[in-house]
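Encoded as structure tokens, the structure appears first; notes follow it.
Taken together, the values in this text are just the output of simple stated rules run on the coordinates, not laboratory data. Nothing here was measured: the structure is a model prediction, and the numbers come from that model. Here the Cβ is made from the backbone with ideal geometry for all residues, glycine too, and neighbour counts use every protein chain on show.
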Amino acid sequence: MIKVLILSMVLGTAAMLFPAWAEITILVTLGIIILFTLYFFRDPKRNIPNEQRVILAPADGKIILVQPYKQSNSTAPLTLVSIFMSPFNVHVNRIPLSGKVTHLRYCPGKFLMAFDHQSMESNERMEIGIDNGEIDVRFSQVSGFLARRIVCTLRRGEMVKIGKRFGMIKFGSRVDIILPASAKVAIQQGEVTRSGETVIARY
């Protein structure tokens, strides 16, 4: 965001060298870019549910998938929940459940459209696993066509608390959550989620 503001200031100053009509056009365009940047990086306060044994949505967006999922190295029944984040959603990601970060892996990849379900396996992503001793949940920050930077501040072995901020994916993307059989899904396809507030499963 700082880079955008600095660049806008430089271009705004340079605009004074152009004719009045061009200067106005440039300044209006820069103003729109600055307003959108401020809007995109907003970070509203969230009311974390005072409820035990829940898994919260790690991202704002729309549920585009709720379906059985199989891992190549496991025969255990799992459920995949995918949240699509448009450029107009809040992009701050939050911890879905309290526990210990047991898995953290960055995977380089493509930049397919985030609503393309192949992006889950093919796109650049950050895989995260949290285990609280009772349940182990895996989820991934997945880049999209516009999202070219994944921010994740977590460290392997770190103890984390439900609802706390841990990163973001810039300019449209998706978050995929893999739930174990012991988790009862509490949402359905088409619903809208709020990071740190919406309960997506109970266990």
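Using a simple spin-label model with pseudo-atoms 7 Å out from Cα toward Cβ, residue 107 and residue 74 lie 1.3 nm apart. Rounded is the label for the range 61-203, because the ratio a/c of its alpha-carbon gyration tensor axes (a ≥ b ≥ c) stays below 1.5.
Which order, highest average first, do 86-99, 69-82 follow once you tally other Cβ atoms within 10 Å for each residue and take the mean per peptide?
Highest mean packing first, the order is 86-99, 69-82.
In order along the range 122-137, the Karplus-derived 3J(HN,Hα) couplings, from 6.51 cos²θ - 1.76 cosθ + 1.60 at θ = phi - 60°, round to 9, 7, 4, 7, 10, 8, 10, x, 10, 10, 10, x, 10, 9, 10, 10 Hz, and Gly and Pro are given as x. Computing FRET efficiency as 1/(1 + (r/R0)^6) for residue 27 and residue 48, where r is the C-beta to C-beta distance and R0 is 45 Å, gives about 0.60.
Inter-label distance, residue 67 to residue 189: 0.7 nm, where each label sits 7 Å from its Cα along the C-beta direction.
Summing Lys, Arg as +1 and Asp, Glu as -1, what charge do residues with Cβ under 10 Å from the Cβ of residue 108 carry, residue 108 excluded? Once positives and negatives cancel, what remains is +1.
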